[in-house]
1. Just checking, does segment 78-88 include any residue being in contact with a Ser or Thr (Cβ under 8 Å, 6 or more places away or on another chain) and modelled with pLDDT under 95?
2. Condition test on VAL65, is it among the β-branched types (Val, Ile, Thr) and in a helix (DSSP H, G or I)?
3. Which is charged (D, E, K, R) and either buried (at least 17 other Cβ atoms within 10 Å of the Cβ) or under 16 Å from GLY121 (Cα atoms) (or both), of GLU54, GLU39?
4. Taking segment 1-27, which residues are hydroxyl-bearing (Ser, Thr, Tyr) and either modelled with pLDDT under 90 or surrounded by 18 or more Cβ atoms within 10 Å (Cβ to Cβ) (or both)?
5. For segment 135-151, give me each residue that is loosely packed, with under 12 Cβ neighbours inside 10 Å and at pLDDT below 95.
6. Run GLU55 past the list (1) without any contact (Cβ under 8 Å) to a residue 24 or more places away in the chain; (2) assigned to a helix (DSSP H, G or I) and report the number of the one that doesn't hold.
7. Quick check on segment 106-127: of everything there that is in contact with a strand residue (DSSP E or B) (Cβ under 8 Å, 6 or more places away or on another chain) and farther than 18 Å from VAL65 by Cβ, which residue is modelled with the highest pLDDT?
8. Identify, from the list ASP91, ASP132, ASP70, the residue that is within 25 Å of ALA31 (Cβ to Cβ), at pLDDT below 90 and loosely packed, with under 13 Cβ neighbours inside 10 Å.
Amino acid sequence: MRMSAFFRKRRQHQHPTFGLMQRDRGGSWTAEVVFPPTETAVLVLQAGPEAGPEEWGGPLYDQLVQRYDDLAPRLGQAIFERYTSPEAVGDGPTPSSAQDLMRALVLEYVGLDGPEALSLGMGFQDGAGWDDATFTVVVRRWQVAEVWMDD
């Protein structure tokens with residue numbers, strides 16, 4: 001990479017749902033928004049061409065906002081099963097249920113992966129006992145498809 005490319009100003013796009021988005025070096029458009037169901041700031045990421053993110057991102061995000069309360073128990077159960085599985089390694093808190101675990105987590109990012117697919121990044125809240133662990137939950141057609149855990 002040439003040094004001039006490193007210092008070049010990032011491309012920007014004014015999005016009707018997310019406001020000002022910036023294109024990162026990995027090819028994603030990013031914006032920070034307040035996620036209404038949790039009233040917390042989240043990072044929204046959507047891959048797309050240099051001209052701007054694809055049109056399906058805003059409606060998919062709006063559907064997530066509408067469906068989140070119904071989706072959250074399934075997210076919690078999937079994360080709990082992954083977190084308490086024998087192959088999970090870590091010294092974090094020991095929740096007794098999926099609900100307990102969800103209360104200790106915060107949504108950090110929403111990845112808009114395709115017209116019917118998204119990934120949700122969740123981490124432990126400050127002070128929960130395992131600040132560097134993150135979970136990525138892949139949702140396809142409003143069904144939890146996979147859960148990844150990274151610490």
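1. Residues of segment 78-88 that are in contact with a Ser or Thr (Cβ under 8 Å, 6 or more places away or on another chain), as a first pass: 80.
Then keep just the ones that are modelled with pLDDT under 95; that gives 80.
Yes, segment 78-88 contains a residue that is in contact with a Ser or Thr (Cβ under 8 Å, 6 or more places away or on another chain) and modelled with pLDDT under 95.
2. Working: among the β-branched types (Val, Ile, Thr): yes; in a helix (DSSP H, G or I): yes.
When the stated conditions are applied, VAL65 passes them.
3. Numbers: GLU54 fails: either buried (at least 17 other Cβ atoms within 10 Å of the Cβ) or under 16 Å from GLY121 (Cα atoms) (or both).
That would be GLU39, the only listed residue that is charged (D, E, K, R) and either buried (at least 17 other Cβ atoms within 10 Å of the Cβ) or under 16 Å from GLY121 (Cα atoms) (or both).
4. At the first step, the residues of segment 1-27 found to be hydroxyl-bearing (Ser, Thr, Tyr) are 4, 17.
Passing the criteria: only SER4.
5. Scanning segment 135-151 gives a single hit, ASP150.
6. (2)
7. Ranking the candidates gives GLY123 first.
8. Numbers: ASP91 fails: within 25 Å of ALA31 (Cβ to Cβ); ASP70 fails: at pLDDT below 90.
Just a single option satisfies the conditions, and that option is ASP132.
The values are calculated or read from the model by the stated rules, or taken from the named source; none is laboratory data. These numbers come from a predicted model, not from an experiment. Methodologically, a virtual Cβ is constructed for each residue, glycine included, from the backbone with ideal geometry; neighbour enumeration extends over all protein chains shown.
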